[in-house]
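Colleague: This is the structure I have questions about; it appears just below.
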Ligand code: AMP
Ligand code: GLY
């Protein structure tokens, strides 16, 4: 069976490593893949946004099944086109992917179906947005409606900051079309939890909960990034909170999508905040998170490819989805300067990392060696019986990896440990 994974990050490497373990013995292909995915698959050159080219590549390589991992091709209708060409694909179609690609669609959906989220207003002109913002309490959250590489959210501390953010998004096109429409919402507080889930549109099976660390520097300082490390499970996400989320958020969301005529099939990502008034949705994503996938997929004790096929075929209710009773810690190593400007082409050396897993993200092969080619370069994921052991293992492994300018956060999991210890 030939399986194509679309994308080029650490998430795609993690998906590939897990799918490679499948009892269906797949041959793996990546489009375009990275310097790591060539270890156990064939990289096909191309762009994830080139739908026609991707279908041609599927025909050339006799691809039987496609996993569309990144948000942009999902939002552009890659899954619709593949299915139209008779190629089964994991991921939502274009209409269902709006749950991530349009924040106003997601907010209106939650409002209509009483799914708990921050109160909000949607604006299409800056003058009304500024007038509304001037009458609100601060901090205030300003979000570009469309996909903005994780940078489209601004927490404004004052009227001036809100006005600047609104003008830059709506009048100065800081995020292009993505910011022509904006959502302004109430600022919520509480621990954040990510829950990824498998869903075929009728059945939803949450994966192990996790905690991402989005800021670049220790102590949640510095700029927002795609994610600098993840621990799983998330100790804030207790069994009773999980049950409440299932009743009030997870099931209502997939039912709402079905009622709207766009059932969601694929991996639905719930970004939650556990507020004093209960869990609320901060964001939905229409895909596996990165680096959440790198921390969570190694905990899966079932056949990922078979689960994905059951999702695509609408028979997730019959699938076997089991998890290892272990904790996981994933630490990301980035190029100096990320998420701002950084240099590329630095040679990477990887020593003994024992049984920890190495996932390659922004690195390419150069003269038979691995060299940096992106901001988030690689990650290490370690599993252990307890969270402190998993964290310790991941950091010990990281000491055996080097490249010029490399940096990583030293406090991944610290907040979770404090929660476990009742601090
Ligand atoms: P998003 O891209 O929507 O996940 O937002 C990025 C980050 O901004 C989230 O992980 C939160 O830390 C923060 N954020 C987003 N919306 C809110 C909100 N309504 N209140 C407080 N923080 C928020
Ligand atoms: N790590 C956050 C995301 O994938 O959106």
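Colleague: Based on the Cβ-Cβ distance from residue 313 to residue 238, what FRET efficiency comes out when R0 is 45 Å, to the nearest 0.05?
Modeller: Result of the calculation: an efficiency of 0.85.
Colleague: Then there is this: What nm distance separates the two modelled labels at residue 85 and residue 366, each placed 7 Å from Cα along Cα→Cβ?
Modeller: In this crude spin-label approximation the distance works out to 3.3 nm.
Colleague: Further question on the same structure: For the range 255-328, compute Rg over Rh where Rg is the Cα radius of gyration and Rh is the Kirkwood radius from the inverse mean 1/r over Cα pairs.
Modeller: So for the range 255-328, dividing Rg by the Kirkwood Rh gives 1.01.
Colleague: I want to verify the translational diffusion coefficient of the range 65-123 in µm²/s; compute it with Stokes-Einstein, Rh as the Kirkwood radius over Cα pairs, at 4 °C and 1.567 mPa s.
Modeller: Value of D from the Cα-based Kirkwood radius: 103 µm²/s.
Colleague: Given N residues in the range 116-200, what is its alpha carbon radius of gyration divided by 2.2 N^0.38 Å?
Modeller: 1.14
Colleague: How do 22, 286, 119 line up, fewest other C-beta atoms within 10 Å first?
Modeller: Details: 22 19, 286 27, 119 10.
Ranking 22, 286, 119 by Cβ neighbours within 10 Å, fewest first, gives 119, 22, 286.
Colleague: Indicate the gyration tensor shape class of the range 160-213 (rounded, prolate or oblate), computed on the Cα atoms with a ≥ b ≥ c the square roots of the eigenvalues: a/c under 1.5 is rounded; otherwise a/b larger than b/c is prolate and the rest oblate.
Modeller: Prolate, since a/c reaches 1.5 and a/b exceeds b/c.
Colleague: Could you compute the FRET efficiency for residue 125 and residue 322, with r as their C-beta to C-beta distance and R0 at 60 Å, rounded to 0.05? List each step's numbers first, then the result.
Modeller: Working: r = 51 Å, r/R0 = 0.85.
With R0 = 60 Å, the Cβ-Cβ based efficiency is 0.70.
Colleague: For the range 210-249, state the average projected area of the convex hull of the C-alpha atoms over all orientations, rounded to one decimal in nm².
Modeller: Working: hull surface 14.0 nm².
Its Cα hull, projected and averaged over all orientations, spans 3.5 nm².
Colleague: Where does the chain land at 222 nm, in deg cm²/dmol rounded to the nearest 500, when only DSSP H runs of n ≥ 4 count, each adding -39500 (n - 2.57), divided by all residues?
Modeller: Details: 14 runs with 121 residues, N = 423.
The helix-only estimate for the chain comes to -8000 deg cm²/dmol at 222 nm.
Colleague: Using Cα centres only, tell me the gap between the range 148-175 and the range 312-351 in whole Å.
Modeller: Comparing the Cα centres of the range 148-175 and the range 312-351, I get a distance of 29 Å.
Colleague: How far is it, in nm, from the label point at residue 114 to the one at residue 151 when both lie 7 Å from their Cα along the line to the Cβ?
Modeller: 4.1 nm
Colleague: Between rounded, prolate and oblate, where does the chain land on the alpha carbon gyration tensor, with a ≥ b ≥ c its root eigenvalues, rounded for a/c under 1.5, else prolate if a/b exceeds b/c?
Modeller: rounded
Colleague: Over its Cα atoms, what ratio of radius of gyration to 2.2 N^0.38 Å does the range 297-372 give?
Modeller: The value comes to 1.57.
Colleague: What residue among 375, 38, 150 has the largest mean-square fluctuation in a Gaussian network model of the chain, using Cα springs under 10 Å?
Modeller: 150
Colleague: Another one. According to a simple spin-label model (label point 7 Å from Cα along Cα-to-Cβ), what is the distance in nm between residue 419 and residue 275?
Modeller: 1.7 nm
Colleague: Against the empirical 2.2 N^0.38 Å scaling, what ratio does the C-alpha Rg of the range 324-410 come to?
Modeller: 1.10
Colleague: For a Förster distance of 35 Å, can you work out the FRET efficiency between the beta-carbons of residue 400 and residue 47, rounded to the nearest 0.05?
Modeller: On the way: r = 34 Å, r/R0 = 0.98.
E between residue 400 and residue 47, to the nearest 0.05, is 0.55.
Colleague: To continue, here is another question. Could you tell me the center-to-center distance, by alpha carbons, between the range 1-76 and the range 356-383 in angstrom?
Modeller: Using only Cα atoms to place each centre, the spacing works out to 17 Å.
Colleague: If you average 1/r across every pair of different Cα atoms in the range 269-423 and take the reciprocal, what Kirkwood value do you get, in Å? Don't skip to the answer; put the middle values down first.
Modeller: Working: mean 1/r = 0.0568 Å⁻¹.
Kirkwood radius, the range 269-423: 17.6 Å.
Colleague: To continue, here is another question. Going by average Cβ density within 10 Å per residue, which order do the peptides 379-386, 132-139, 322-329 take, highest to lowest?
Modeller: Sorting 379-386, 132-139, 322-329 by mean packing, highest first, produces 379-386, 322-329, 132-139.
Colleague: Rounded to whole Å and sorted largest first, list the principal axis extents of the Cα atoms in the range 11-80.
Modeller: The Cα atoms of the range 11-80 stretch 30, 23, 21 Å along their principal axes.
Colleague: Moving to a separate point now. Which whole number of Å³ per residue matches the convex hull of the alpha-carbon atoms in the range 220-288? Could the numbers behind the result be given before it?
Modeller: On the way: hull volume 8.8 nm³, N = 69.
Given the Cα convex hull of the range 220-288, per-residue volume reads 128 Å³.
Colleague: Normalised by the number of residues in the chain, what is the relative contact order in percent for Cα pairs under 8 Å and 6+ residues apart? All intermediate terms of the calculation are to be shown ahead of the outcome.
Modeller: Details: 985 pairs, mean separation 69.4, N = 423.
Relative contact order here is 16 percent.
Colleague: Out of 83, 393, 202, any idea which swings most in a Gaussian network model of the chain, alpha carbons joined below 10 Å?
Modeller: Answer for the Gaussian network model of the chain: 83.
Every read-out reported here was derived from the displayed coordinates using simple, explicitly stated rules and does not represent laboratory data. Just so it is clear, the structure is predicted and the values come from calculations on it, not from any experiment. In this analysis, Cβ positions are derived from the backbone assuming ideal geometry, glycine residues included, and neighbour counts consider all displayed protein chains.
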